[in-house]
Amino acid sequence: MLLSATRYLIPALGAVILLRCAAFLLTAHRTAEVWGWLELGNGTRVELAHWENIVGRARSADVVLPYKSVSRTHAALMRDSAGRWTVQDLSSKAGVKLRGKALDGPAPVRTGDALAFGGAKCVFHAATAREERDRAQARRDGRAGLHSTVSVLLLTAFVVLVAAQHLLTGARASVAAAFGGLLALLWGSYAVTRALHRTGFEVETLAFMLTSVGFGVCATSDPGALWKELALLAAGLVLYFLIGTYLRDLGRARKLSVPMAAAGIALLLVNLLTAKSIFGAKNWLEVAGISFQPSEFVKICFIFAGAATLDRLFTRRNLILFVGFAAATVLCLAAMSDFGTAAVFFVTYIVIAFMRSGSFATVVLSLAGAGFGAFLAVTARPYILRRFAAWGNAWADPSGGGYQQTRTMAAAASGGLFGLGGGQGRLYKIFAADTDMVFGIVCEELGLVTAVLCVLAVLLLALFAVRAAGSARSTFTAIAACAAVTVMLTQLALNVFGSADLLPFTGVTFPFVSRGGSSLIATWGLLAFVKAADARQDASFTVPAPPPPARRRGRGKEEEA
């Protein structure tokens, strides 16, 4: 009776958690930010709503000047975290003048300075200290509803029910202790965010919900490894908070692009030259008895190298360097025969390249190059062609090329809508079931409803990242967040559709759910980029906490600054 009840309660709680997170992430009010404005010759005031603003004739520009003498992307107006503004010409035809002098590089700009963009004259004004204080207070007043304690309590009940299923089916007491450790990390993370004056915890709630499902998978396939999984989760959380803290200073984060690119390539080369081939792929490296997949951590390097602030976004040299880095990364992975991960990197590259250049030609040329590379890979690696031959025909050879997919689909069907219960499945006995075919285990034990909720949780993170990119203060955080969710979505599609024989089986992980320490740690690191793009008050790493409510007495002249 109790086991039967948990089968229905788990998806019900999961749906409530998902709906609550969606309500806050997709519909929460965002207080408008105005950091300055341009006063045009006719008296019109054009607001600067970001720290990095494109001035140009194009409709997509942050400041639209509809004059023929203005280029589509004419100039950039940028603010740093200290409140200093600079103006930079973006290779416009008519140039930029500051206080009557033509610019020959980035230059500081102050309130009252006269600017001319291709003959369109205006005066720059930065927001005053009082206006910034008033805006911070407005953000403070508008933060109601971001408190996530209720969601964390619901998630606690969700974790307890997942653990209870395994205990009711005969799991050892150590399983309960490991789930207790998971709850300790959940509430510890929430306590840290509250200590940092952050009450928005929806992004982390979704990640912890997926991670708890992954713990359930581990409790079925290898209960003794739960403590290792717990330690890996703790490492992932440390990386999450470290990256989040580092991204608070965008200038500092930007300086990491070249070192991170170099570190990524070096890591892949060491992997390629020293790793042993395991099931056809040389994607594992062993150091001091600890095995890990370098490619998982290169994803973080890849995003640091690909994201760019506005002053470097339109620099052709920087784009060419990133294209070269991306090509070297994909070629290294192809040489390792890790084509699934190479596909993840390539799709992420396409997204970053388009966001940086806005050029469809760049995307088309990249796709053409990828097509040629795929042809060479199929020619050099016949087993890839066999995988494509099995694609869509798994049931034609259920004991050969379609062995894993047919078992996954059969297990998923046997679970029905609400599953057989934790530990009651059989798919875990198949090789790599808890990593490459984990969607099948979730369907079999927790049911199709819960499995779909896991998919929707990743999709919700992606929708939120795209929505947050439009209001992000910097192009760096916008590009990084979209790139991070592109990695997650591509892995999700390859894992789920590959298991169901809707795409070729490539052997990549389901974010947060699949077993694997490298994947779990790196995915939490990717989540930090999504969190950094969050512009909601008391939710983001990069938006300072508001000041305490100002006292009404004794403020006097101090606010007249």
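The values are calculated or read from the model by the stated rules, or taken from the named source; none is laboratory data. Please read these numbers as outputs of a predicted model, since none were measured by experiment. Positions of Cβ are generated from backbone atoms using ideal geometry, with glycine treated the same way; all protein chains shown enter the neighbour counts. Just the protein is used for accessible areas: all its heavy atoms, side chains included, with ligands, DNA and RNA removed. Shrake-Rupley method; radii C 1.70, N 1.55, O 1.52, S 1.80 Å.
So here's what we get for this one:
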{"quantity": "Heavy atoms of residue 456 accessible to a 1.4 Å probe, total area in Å² rounded to 10", "calculated": "70"}
{"quantity": "Extension reserve of the residue 23-residue 228 stretch, reckoned as 0.36 nm per residue once the Cα distance is removed", "calculated": "70.4 nm"}
{"quantity": "Two-decimal Rg to Rh for the range 142-266 - Kirkwood Rh, Cα set", "calculated": "1.06"}
{"quantity": "Around residue 241: net Lys/Arg minus Asp/Glu count, Cβ-Cβ under 14 Å", "calculated": "+3"}
{"quantity": "Projected label distance in nm at residue 47 and residue 150, using a 7 Å step from Cα toward the beta-carbon", "calculated": "3.0"}
{"quantity": "Extension gain from residue 3 to residue 81, taking 0.36 nm per residue of separation minus the Cα-Cα distance", "calculated": "22.7 nm"}
{"quantity": "Accessible area in the full protein assembly, largest first, 1.4 Å probe, for 438, 192", "calculated": "192, 438"}
{"quantity": "Sum of side-chain charges, residue 93 neighbourhood, beta-carbon under 12 Å (Lys, Arg +1; Asp, Glu -1)", "calculated": "+2"}
{"quantity": "Distance (nanometres) between label positions extended 7 Å along Cα→Cβ at residue 256 and residue 270", "calculated": "1.8"}
{"quantity": "Hz values of 3J(HN,Hα) by residue in the range 465-479 - Karplus curve (6.51, -1.76, 1.60), Gly and Pro given as x", "calculated": "4, 5, 5, 5, 4, x, 10, 5, 6, 9, 5, 4, 5, 5, 5"}
{"quantity": "For residue 48, distant residues with modelled amide H under 5 Å away", "calculated": "35, 36, 37, 38"}
{"quantity": "Linear extension gain, residue 502 paired with residue 191, 0.36 nm per residue minus alpha-carbon span", "calculated": "107.8 nm"}
{"quantity": "Heavy atoms of residue 299 accessible to a 1.4 Å probe, total area in Å² rounded to 10", "calculated": "10"}
{"quantity": "Protein-only accessible surface order, largest first, of 269, 183 at 1.4 Å", "calculated": "269, 183"}
{"quantity": "Local electrostatic count, residue 220, Cβ distance below 13 Å [Lys/Arg +1, Asp/Glu -1]", "calculated": "-1"}
{"quantity": "Efficiency of FRET from Cβ geometry, residue 291 and residue 130, R₀ 56 Å, rounded to 0.05", "calculated": "0.45"}
